[in-house]
Amino acid sequence: HLGAHSMGNQVLQEFMRAVRDHDFLRSPMFGEVVLINADADWTALEPGKPLSALPDYADRIHVYNHRSDDALLVSEATKNREKRLGRHGPRDLATIPPRTVVVDCSSLHSNMGLRDIDDEFLQAAARVLERDKPGTKERMFDHWGYLHRREVIADIYQVLRGTSSSRIRGARQPSSDGRYKLVS
C-alpha cells in the first residue's frame, strides 16, 4: 500500500512523471493508494495529469478531502492559486480514473467519537486516542485528521484491509454526487 499526505502527493506526482515512459514498470505495484489532504491541484487526477495513470499501478485509490483544511487554504493563496485536491476533492468526478473513491471528511469537526466497530485494532486505537487529545493546531486546521479523527482512522484502516468501498462500516455514507462522506 501507499499513503501520501499533503505535499507527499507532490512527490507521488513526480514519481508518476518519472515512470510514465517506462512501460515495463506499468503493473500493479500497490494495493491501496490513499491520498490524504493532498496538496496538489484539484485537477491532478484528470486525463493528461500524472496521477491519472495511478490505476495502472494500484488496485484502488482513495482521496480524502476536508473543506476546512486551513493548511491547504494557505497553499491555495500562496502557490499557484489552483484549488487543492485535499480541500475541495476532484474538480470533476466524471473525469477521475476508474477505481478512485472520494471521501469527504468536511462534516467532521471537534466531535471525536468513534463508532462501535468490532475490531481489536480499532478498539486499541480508540484507547490510545482517548489518552492523547489533539492539540489546538490539529483541531483548527483539519489537516491531520488521519492522525486524530477516529472516523478517518477507522475508514482508512478498513481501506487498507481491502474492504469493499460499499461495505466499509462506521461513519462512511454515500452522498448523492458519487462520493462518500464521513459523518460523526
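The values are calculated or read from the model by the stated rules, or taken from the named source; none is laboratory data. Note that the coordinates shown come from a computational prediction; the quantities given were computed from them, not determined experimentally. For neighbour counting, all protein chains shown are included, and Cβ atoms are generated from backbone atoms with ideal geometry for every residue, glycine included. Surface areas here come from the heavy atoms of the whole protein model, side chains and all, with no ligands, DNA or RNA. Shrake-Rupley method; radii C 1.70, N 1.55, O 1.52, S 1.80 Å.
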Legend entry - As computed over the stretch 35-86, the Cα convex hull volume per residue (Å³): 69
Inset, instruction - Would you mind working out the accessible area per residue for the stretch 1-93, using a 1.4 Å probe, and quoting it in Å²? - result: 45
Inset, instruction - Take the Cα radius of gyration of the stretch 1-118 and divide it by 2.2 N^0.38 Å, with N its residue count; two decimals is plenty. - result: 1.09
Legend entry - Accessible surface of Ile61 - all protein chains present, 1.4 Å probe, nearest 10 Å²: 0
Inset, instruction - Arrange the peptides 86-95, 50-59 so that the one whose residues have, on average, the most other Cβ atoms within 10 Å appears first. - result: 50-59, 86-95
Inset, instruction - Beta carbons within 10 angstrom, averaged per residue: use that to sort the peptides 20-31, 142-153, highest first. - result: 142-153, 20-31
Inset, instruction - Pick out, in residue order, every one of the GluC sites (Glu not before Pro) in the stretch 1-106 that is DSSP loop and has at most 16 other C-beta atoms within 10 Å; say none if there are none. - result: Glu82
Legend entry - Rel. contact order, % - alpha carbon contacts under 8 angstrom, at least six apart, the stretch 59-98: 41
Inset, instruction - Per residue, how big is the convex hull around the C-alpha atoms of the stretch 1-67? Give it to me in cubic angstrom, could you? - result: 72
Legend entry - Label-point separation in nm, Thr163 to Ala18, each point 7 Å along Cα→Cβ: 3.4
